[in-house]
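Undergrad: Here it is: the structure, laid out below.
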Amino acid sequence: MEDAAVDDDGAPGGTAGETTPGAAPRPAQVTFTGAWWDLFTLVLKNSIFTLLTLGIYRFWAKTELRRYFWASSALGDQPFEYTGRGLELFLGFLVVIAILGPSSLLYDWTLGIVGMESSTGALLQTGYSIAILCLIHVAVYRIWRYRLSRTSWRGIRFGLDGSTWSYVGIAFGWSVLVGLTLGVMYPWARRALWSYRMNNARFGTTPMAFDPDAPIGGLVFPWLCALVFPGILFGLFAYIAARSAIDGNTQAAGQSLAWLWPFVIAAFLLWIAAAGWYRLKEFVLFLSHTRVGGEITIETTPKLVVALGLVILNAVVSAVILGAAAALATMAFVGSAVNGANPEPLSGLAIAAMAGAGLTVLIVLPAVSTLIFRYGLTRHIVGSIRATNVEALDAVAQSSRQGPTRAEGLADAFDVGAF
Amino acid sequence: MPSTSAPSDHAPIEARYFDGRTAEQRRVRLTLTEDSLVLWEETGRQLTRWPRREVHLVKYTSRETPQLRRGRDGDERLVLARRDDLVRLKRVLPNLMRHESPWREVWRPILLFSAAAAGSLYLLVAVGIPHSADFLAKHIPDDWTRRAGAAARDQMITLLGAVEGKRSKAAIVCRPKTDGAKAIARLVSRLTRSTDDPPRALDVVPLRLKLVNAFALPGNTILLSHGLVDQAESGNEVAAVIAHEIGHLVHHHPTKVALEQAAVSTTFGLLIGDIFGGSVMAGLGGMLVKGAYSREAEREADAWAVEAMNRENMDIRPAATLFERLAREHKDIERALRYLSTHPLSETRAATIRREATGTEAAFTDDEWRSIRAMCD
């Protein structure tokens, strides 16, 4: 039996556990190995199936996408794995529908009866908004818990312990503070929430940790930039609305204010750029202060130019697609007029246009966004992550906790956590 | 060297092994027996065996380092050292490229759940929502609907006015308490005096619009566009339309439709996965539901109008000519797309009315009819 000559590492990037004695530990590089073409065929298949099953397939579609992105990211030479199942997402969805469906309906009807302007109505609306806000945070924590428990590396699962309701309490408190300060305290809120999550997360039985005092000073300026633009946009729109109300004719006012539109678009793009800048800096800061097991540190060096370029490209392409959908929808409405006792029925063309608009928004837009933005950004950022002291990972043991079995129903209903 | 009885390839395959209990990696060699893949440690000790049928390739991982897993949920992993070894293994491991069982894992759940979802959706939209909306509409106290109705009325008036370029309510709503308005009020009380549970505080609001139509709204309001009065050839045509709208109110149709619309939008929103959005689909769905089920509502309203006017000995036959006139303007479109029209074919309605009508007298005196025509001046 011949001894096949096998290369020591067998793969690029260094292998954990294979250092020469006495040498400083090399940081292990995380690499992205996913091919765009594979993603394209996957997205195509997902879109077709989702369409054919009127949207039911989306849970399996999401699962397959995650499998692709997780498996395309490798630490050292060992890829991550996503072990979740579409069925789990689907069951989560059913459970939430059973609860949210009747309650939303009841809320709708009660509000209609009581009247939106009345004091009871105002109270009801406030209560409902607060409830939704809390539920969104519940959804966020449960997403993290589910996905971490379905992520594994070398067969060892991650996990998230801690209590959902403690998290919601913290999140709610910070939301109030952020609201009161008109959004200025947002970076601190994000750090507090990331801190709770990471300090309760683990890889196998090895706990993860985050330094809750991570220096946040460098984030303030980017955040203020990001905050300024919504204010500018709001001001512009308010001005346009006020002018048209005074002039009494929206169409004429729109035309006379047409010179404002380039400014609106510019402000919008700058806002997206500033928000992207903030998010990137936040990501780098948080990741670099997160540790696994006290010894393993992570650092990441993504390039702002690449990230922003992708963000803006995605925004422009999405706007074009949405514009096409809006044009289709307008066509549909122009072609039909319904009036009480003797309506003109919808023409076949109008129905087709409506269906086309819906399709574009629900299927084409996410597909294109995934192929451009998610692929590009994941590839760039994942490729820039490095971890040190990964030999320590050899000692990590599997945890016996399995994690949640139904998943993400709330997140699906509220459209949280797009990936 | 351990001995093997491999039916095919002889050279052992080099791999790295993760046992799923710790993250430590081990170098192993793989050999094949009749029914399993055997893992050997470097020391020559046999580590474990994986049944051949349970070995699967982990999807989407890099082709350079093929990953194998055992079974459906196993935590163990094997990483082949060489890409070519995967080709050798593909020949001898039957389920390598497949799910554990594609029918059971993937397709059957999808089909079953899609069918179940489609079935429940149909039941909900076709049966559940209309019936509960109907029940609720009949049992909600009038006070509650009046407030919802007031909001609906204002919105409707503004919308209709905007279509004709009128902005202020004063320009649209005609003066109350004119002789014409009083004549109509008298008609309303005559028509509803024998009804078991007549709509309370029924109000006919004349609108200074060119629209040829009338609407019944929740809260017992009827909007009557003066365009209908202008192009009517006799007072009985207008009386018949008013009777028809009263028929809708007696059966609580407007409230029912409002409840249905809310329910359908919510359902579609949840289904699509965005409870706040989904308006595009929801709008379309709403229009379809309204189209399919209002035909029955229209028949009920017609039946009530015929019965009420017959009882007061008013001649309802002119309504038939009204419907036929209106049908002539929309002839082909309406016939081709009847399923989406919110009304049954005008010709069918006309035929039914002529068949059932027994009354002979005018609904208004000449003076009353004159004042009605001048109502919005």
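The values are calculated or read from the model by the stated rules, or taken from the named source; none is laboratory data. Predicted model only: the values in this text are computed from it and were never measured. Positions of Cβ are generated from backbone atoms using ideal geometry, with glycine treated the same way; all protein chains shown enter the neighbour counts. We work out accessible area using only protein heavy atoms, side chains counted, and drop any ligands, DNA or RNA first. Shrake-Rupley method; radii C 1.70, N 1.55, O 1.52, S 1.80 Å.
Undergrad: 7 Å from Cα along Cα→Cβ at both A:TRP36 and B:ARG91: what's the point-to-point distance in nm?
TA: The answer from the label model is 3.7 nm.
Undergrad: Okay, moving on. Can you pull the three principal axis extents for the Cα set of region B:43-138, in Å, largest first?
TA: For region B:43-138, the Cα spread along each principal axis is 83, 25, 20 Å.
Undergrad: Still on this model: What figure, in Å² to the nearest 10, do you get for the accessible area of B:ARG72 with a 1.4 Å probe and non-protein molecules left out?
TA: Accessible surface of B:ARG72 is approximately 100 Å².
Undergrad: Rounded to the nearest 0.05, what FRET efficiency is calculated for B:GLU164 and B:GLU296 with R0 set to 35 Å and r the Cβ-Cβ distance? Please report the intermediate quantities before stating the final value.
TA: Values: r = 31 Å, r/R0 = 0.89.
The calculated FRET efficiency here is 0.65.
Undergrad: Full extension from B:ALA11 to B:ARG63: what is 0.36 nm times the residue separation minus their Cα-Cα distance, to one decimal in nm?
TA: Working: separation 52, 0.36 × 52 = 18.72 nm, distance 2.12 nm.
That works out to 16.6 nm of additional length.
Undergrad: Just counting partner chain Cβ atoms within 10 Å, what average do the residues of peptide A:78-85 show around their Cβ?
TA: On the way: counts 9, 8, 1, 8, 3, 5, 0, 5.
Mean partner-chain Cβ count within 10 Å for A:78-85: 5.
Undergrad: For the modelled label position 7 Å from the Cα of A:SER318 along Cα-to-Cβ, which residues of region A:367-407 have backbone nitrogen atoms closer than 19 Å?
TA: A:367-381
Undergrad: Which value in Å does the Kirkwood hydrodynamic radius of region B:127-267 take, with 1/r averaged over all unlike C-alpha pairs and then inverted? Kindly include the intermediate steps, with their values, before the conclusion.
TA: Numbers: mean 1/r = 0.0630 Å⁻¹.
Kirkwood hydrodynamic radius for region B:127-267: 15.9 Å.
Undergrad: Return the value, in Å² to the nearest 100, of accessible area buried between chains A and B (probe 1.4 Å, both sides summed). Walk me through the intermediate numbers first.
TA: Details: alone 22920 and 21630 Å², together 38040 Å².
Chain pair A/B: roughly 6500 Å² of buried accessible area.
Undergrad: Using protein chains only (no ligands, no nucleic acids) and a 1.4 Å probe, work out which residues of region B:58-91 have their accessible area cut by at least 30 Å² relative to the chain alone.
TA: Residues losing area: B:LYS59, B:TYR60, B:THR61, B:SER62, B:ARG63, B:THR65, B:GLN67, B:ARG72, B:ASP75, B:ARG77, B:ALA81, B:ARG82.
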